[in-house]
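For reference, the structure is listed below as structure tokens.
The values are calculated or read from the model by the stated rules, or taken from the named source; none is laboratory data. What you see is a predicted model, and the numbers here were worked out from it, not measured in a lab. All Cβ positions, even for glycine, are placed from backbone atoms using ideal geometry, and neighbour counts span all protein chains on display. Accessible surface is based on the protein model in full, side chains and every heavy atom, while ligands, DNA and RNA are left aside. Shrake-Rupley method; radii C 1.70, N 1.55, O 1.52, S 1.80 Å.
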Amino acid sequence: MRVFIVFAAGLLFGLGLTVSAMIDPAKVLAFLDIAGDWDSSLAVVMACAIPVAAIGFRWGPRRGAPPAGQCGGWGIDARLVAGAVLFGVGWGLAGYCPGPGLVALGLGRPGSGLFVASILGGMALFELLGVRRAQRRHAG
Amino acid sequence: MPVEQFTPGSAAVGGVLIGSSVALLWLAAGRIAGISGILGDLLNPGGEDVVWRVAFLAGMIAAPWLYQLAGSVPPGGGPVVGSVLLAVAGGLVGFGTRLGNGCTSGHGVCGIARWSPRSLVATALFMVTAAGTVFVVRHVVGG
């Protein structure tokens, strides 16, 4: 039963990205292009997603305890900074982050297979380099 | 490059759907809906809970089909860059999200909703870096 709820959650996430057109890299890049014809739609998506998510976290189980899979346990370190910067460069180059890449893959959009494969390649390289420390879970 | 239109209505609906997904995954399974983490931990030999990870990702991949079944055409098109750049971007996204433990969903939505200082910093950094990258590509190199 729980697996169907998780599947439904994945459906909701993918539908949200589709409805809001965040699966369109041109639209994402238009948000990131603050010196161009700026489209603030992505900010609206986040501004609406965050309060709804916050309600869920507030009502959810294990309130107050460090939740499984959450990254908040560590400090703001060089690793976090370097990772965010590398991700930002990749996001800015193509206009795709992991979620929209997966939904685009579901649609069979051109290039989506290459993009998702490259994400997996980058992740595999990270694992191979052994940069990973003891933590096995994170915010993702 | 076509002029993009600001679409606050669909953005708001989509945002509420995404937030609902995050809340549902947390309430039903006690998990954070961070896409790069859900995906990346499948590659980790010690990774746990393969079933729920695959179920969530399968839902995401199936979502646009449901959208089409409802009679709508998913908005937008394919990539706006060539294959080489797309592959480089994917590699950076994959490596960077593992190093920084999160992407737009994990840090940008879940982390901020939990008021995590790490996620606030990460989100600010990847937003600024991505905007800077677009600026360089479009207005310095491509200007």
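Using the Cα atoms of the range A:2-129, I'd like the radius of gyration and the largest Cα-Cα distance, Dmax, both in angstrom.
Rg, Dmax (Cα atoms, Å): 16.5, 46.
Just the number, please: buried accessible area between B and A, total of both chains, 1.4 angstrom probe, nearest 100 square angstrom.
So the total buried area for this chain pair works out to about 10100 Å².
Top to bottom by accessible area (1.4 Å), largest first, where do A:128, A:12 land?
A:128, A:12
Please work out how much accessible surface residue A:102 shows to a 1.4 Å probe, ignoring ligands, DNA and RNA, in Å² rounded to 10.
It works out to around 10 Å².
Quick check: with the 1.4 Å probe, what order do A:13, A:7 take by accessible area, largest first?
Per-residue accessible area, sorted high to low, gives A:7, A:13.
Among A:115, A:15, A:90, which residue has its Cα furthest toward the positive end of the charge dipole of the range A:2-129, with +1 on Lys/Arg Cβ and -1 on Asp/Glu Cβ?
Of the candidates, A:15 comes out farthest on the positive side.
Taking a quarter of the surface of the Cα convex hull of the range B:8-141, what do you get in nm²?
For the range B:8-141, averaging the hull's shadow over all directions gives 10.2 nm².
So what does residue A:44 come to for accessible area, using a 1.4 Å probe and Å² rounded to 10?
30 Å²
Does the protein assembly as shown come out rounded, prolate or oblate, given a ≥ b ≥ c as the square roots of the eigenvalues of its C-alpha gyration tensor, rounded meaning a/c under 1.5 and, failing that, prolate meaning a/b above b/c?
rounded
Which of B:122, B:73, B:58 sits farthest toward the positive end of the charge dipole of the range B:8-141, with +1 on the Cβ of Lys and Arg and -1 on the Cβ of Asp and Glu?
Result: B:122.
Ordering A:76, A:119 by how much accessible area each has at a 1.4 Å probe, largest first, what is the list?
Most to least solvent-accessible, the answer reads A:76, A:119.
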